[in-house]
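Computed from the coordinates by the stated procedures, all read-outs in this text should not be read as laboratory data. In this text, all values refer to a predicted model and were calculated from it rather than measured experimentally. Cβ sites come from the backbone with ideal geometry, for glycine too, and all protein chains shown count toward neighbours.
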Amino acid sequence: MDKQEELNKLREEIIADTTLPLREGATNLVFGKGNPQAKILFVGEAAGRQEDLQGLPFVGAAGKNLDKLLSAVGLSLDDVYIANILKYRPPENRNPTSEEIRTHTPYLIKQIKIIKPKVICSLGNYATKFFLAGCNPDGMDKQLGITQVHGKVKIIQIDDMTITLIPLFHPAAIIYNQNLIIEWEKDLKIVKKEVENHKSTS
Ligand code: URA
């Protein structure tokens, strides 16, 4: 089975999971988009309204900023895969609960094991704390917030995979806080450098 087929199978598995929290109120599963062969994975928090309607991550306002980020570092959707911590939209875009993170992230881990990325860019607090906690939702509370760790590259281990983690501000935070744009642009340079390293080692 190739990666796309494995992802399709996983998608069906999630759809069939009738106990998964948030499923009832959602229009669509928001599974992922991009190239399953990509070495770079972006992980956001959860779908908003547009994502829920279209069944695709980052297609609304935050998605426009993510598109700009990608093109600023010379990447397109062909070079990356994009997924979220939660697979369904929380009502009114509220923050994910611990229970939702605990029940949804095993699916994210399965996605990661299929894609086998070399670099993960975690977008915002939830994705960043999840990876910094060693993918253990119970350890997320003890992690530093994105304001302290953004742009600080860290090597993490997920199963037998050694992955470069680059925590970034969430693209939606940039919309509401123009001051973060300066930080965001500095962090993009770090993403660009890592991307180039991985292109040359591939
Ligand atoms: N914000 C996210 O974290 N993910 C999306 O898919 C859209 C907005």
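Residues of the range 72-87 include at least one that is more than 24 Å from residue 188 (Cβ to Cβ), buried (at least 20 other Cβ atoms within 10 Å of the Cβ) and in contact (Cβ under 8 Å) with a residue 60 or more places away in the chain. Only one of the listed residues (20, 41) is more than 25 Å from residue 197 (Cα to Cα) and of a type in the set (A, V, I, L, M). That residue is 20. Screening the candidates 137, 90 for the property of being within 12 Å of the ligand (Cβ to nearest atom), touching a helix residue (DSSP H, G or I) at 6+ places or on another chain (Cβ under 9 Å), farther than 17 Å from residue 162 by Cα and of a type outside the set (Gly, Ala, Ser) yields one hit, 90. Which residues, taken from the range 88-104, are of a type in the set (Ser, Thr, Tyr) and under 18 Å from residue 55 (Cα atoms)? Across the range 88-104, the qualifying residue is only 88. Residues of the range 27-65 that are in contact with a strand residue (DSSP E or B) (Cβ under 9 Å, 6 or more places away or on another chain) and basic (Lys, Arg): 33, 39. Counting only helices (runs of 4 or more DSSP H) that sit completely within the range 1-85, those holding 1 or more residues that are more than 16 Å from the ligand (Cβ to nearest atom) and over 17 Å from the mean Cα position of the chain (by Cα) correspond to 3-16, 61-72. For first residues located in the range 164-177 and in contact (Cβ under 8 Å) with a residue 60 or more places away in the chain and within 14 Å of the ligand (Cβ to nearest atom), partners that are among the charged types (D, E, K, R) and not in a helix (DSSP H, G or I) and lie 6+ apart or on another chain with Cβ distances below 8 Å form the pairs 170/45.
Within the range 130-174, being of a type outside the set (A, V, I, L, M), closer than 23 Å to residue 107 by Cβ and within 12 Å of the chain's Cα centre (by Cα) holds for 130, 131, 167, 170, 171. Among residues of the range 179-190 that are loosely packed, with under 12 Cβ neighbours inside 10 Å, those with a beta-carbon under 7 Å from a residue that is not in a helix (DSSP H, G or I) at least six positions away or on a different chain give the pairs 186/151. Here residue 103 fulfils each of the conditions (1) of a type in the set (Ser, Thr, Tyr); (2) within 13 Å of the ligand (Cβ to nearest atom); (3) surrounded by fewer than 21 Cβ atoms within 10 Å (Cβ to Cβ) apart from (2). Residues in the range 106-143 that are surrounded by fewer than 20 Cβ atoms within 10 Å (Cβ to Cβ), under 23 Å from residue 39 (Cα atoms) and of a type in the set (Gly, Ala, Ser): 133, 134.
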